[in-house]
Amino acid sequence: TLALDYEVKVDQVLRGPLISATIFVRPASSDSDIVTAEDLAPQMHVGERLFLFLKDISDDPVNGLGDRQYQVITRAGHFRIEKDDMLSPRLPSFTNTVADAYRGKNKTVLEKDIQDLVAKLPKPTKDEILQKQVTGTDLVIVGTVQGVREVHFVNSMEKPQEWIDQMLAEGKMPGLVLTDYTIVVDKVLSDKRLAYPRFFPNYKSLQPGQTIIVMRQGGTYKGVTKIEEAGPAFVLGSQEVLFLVGTSLKNYDLPDDGQERFSTDSRSGRLLIGSDGKLTAFAARGVGEVYGGQSVDQLEQDIAMFLKQHPFK
């Protein structure tokens, strides 16, 4: 199967989580089994603005290449934004789809229609949000950022070292950067692996005062900074509620050093704890939508009650 992925900078998200400032997008697949010249021709060009309807294929073992991988859901969901902000769909005319409905219209018209539709969609309940966030993560903690432990460079484009050195000298990042942060565990709110001793026979519960490693995409390598993951970088000394999933350097084709790592990805969350104990959300979705502005004590109580009523099985 021939697939071409494009690196796309995200300017605005009308629905769905913003995983990172840059994502990889695969054009819509052909509606037939016949590969045409149109399928093989470049469908996106450097510098052009796009309005895209995407689906997440990050967890697809066949199509997904990483946790920032998307595919245009259909050719009708692929618009080019012209200089006058008018929409020009990739799909030909007379298709009786969203492409024809918005062909030649200003992009703000489609933006408003989407926002109006999203506003009418039913909102998940607090219990539903906790079910997704708590059961979908391995570990939920209150933790304090201690500092940067290590920065990893991934030669994702498989370029020679001379080219990498030249790019860095020009202030350009020639690959992927991963930053390991050390986080001091203040409280453990949920630890899924304790419920599965069969699969984690030697696993010991975390205790307050222990440190863990949380890895984020982006960081500074040899004086060059690249930000790839949505949300602000960790701040030394800040305290957060972190919904974490296990990860590994092997996921990025780097030698595994045996250190356990966690990450806060699109299925997790981060909530900053203020000096007054109130929570600040980094995203208006998930737990952030419900608990932004509330006390950390309330979230802790709700998670404890949720686990009591819905124990891991």
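The equivalent ellipsoid that matches the C-alpha gyration tensor of region 69-132 spans semi-axes of 29, 14, 11 angstrom, in descending order. A straight Cα-to-Cα reach below 21 Å connects Lys187 with the lysines Lys132, Lys204, Lys278, Lys308, residues fewer than 8 places away in its own chain not being considered. Each principal axis of the Cα cloud of region 75-233 was evaluated for its coordinate range; sorted largest first, these ranges are 62, 53, 28 Å. Of the three principal axes defined by the Cα atoms of region 180-272, the extents in descending order read 44, 31, 24 Å.
Within the shell of other residues whose beta carbon sits under 12 angstrom from the beta carbon of Glu240, the net charge comes to +1, with Lys and Arg scored +1 and Asp and Glu -1. Average accessible surface for the chain: 57 Å² per residue, computed with a 1.4 Å probe over protein heavy atoms with every protein chain in place. Between Glu158 and Glu260, what is the label-to-label distance in nm when each label sits 7 Å out along the Cα-to-Cβ direction? Using points 7 Å along Cα→Cβ, the separation is 3.4 nm.
Each 10 Å bin from 0 upward holds the following percent of the Cα-Cα pairs of region 227-281: 20, 44, 28, 8, 0.
Using just its DSSP H runs of length 4 or more, each adding -39500 (n - 2.57), the chain gives a mean residue ellipticity at 222 nm of -5500 deg cm²/dmol after division by all residues. Between Leu121 and Val13, the FRET efficiency estimated from the beta carbon spacing at R0 = 22 angstrom works out to 0.90. Amide hydrogen proximity for Ala28: with H placed 1.01 Å from N in the peptide plane, the residues at 5 or more positions away or on another chain lying under 5 Å are Val72.
The portion of the accessible surface of the chain made up by carbon and sulfur, rounded to a whole percent, is 53 (1.4 Å probe; DNA, RNA and ligands excluded). Under the simplified labelling scheme, the Ser205-Tyr6 pair shows an inter-label distance of 5.1 nm, with each label point 7 Å from Cα along Cα→Cβ. Dipole orientation for region 143-188: of the candidates Val145, Leu178, Gln161, Val145 has the Cα lying most toward the positive pole (charges on Cβ; Lys, Arg +1; Asp, Glu -1). Subtracting the Cα-Cα distance of Ala21 and Asp276 from their residue separation scaled by 0.36 nm leaves 88.7 nm.
The values are calculated or read from the model by the stated rules, or taken from the named source; none is laboratory data. This is a predicted model, so every value here is computed, not measured. Methodologically, a virtual Cβ is constructed for each residue, glycine included, from the backbone with ideal geometry; neighbour enumeration extends over all protein chains shown. These accessible areas exclude ligands, DNA and RNA; they are computed on the full protein's heavy atoms, side chains included. Shrake-Rupley method; radii C 1.70, N 1.55, O 1.52, S 1.80 Å.
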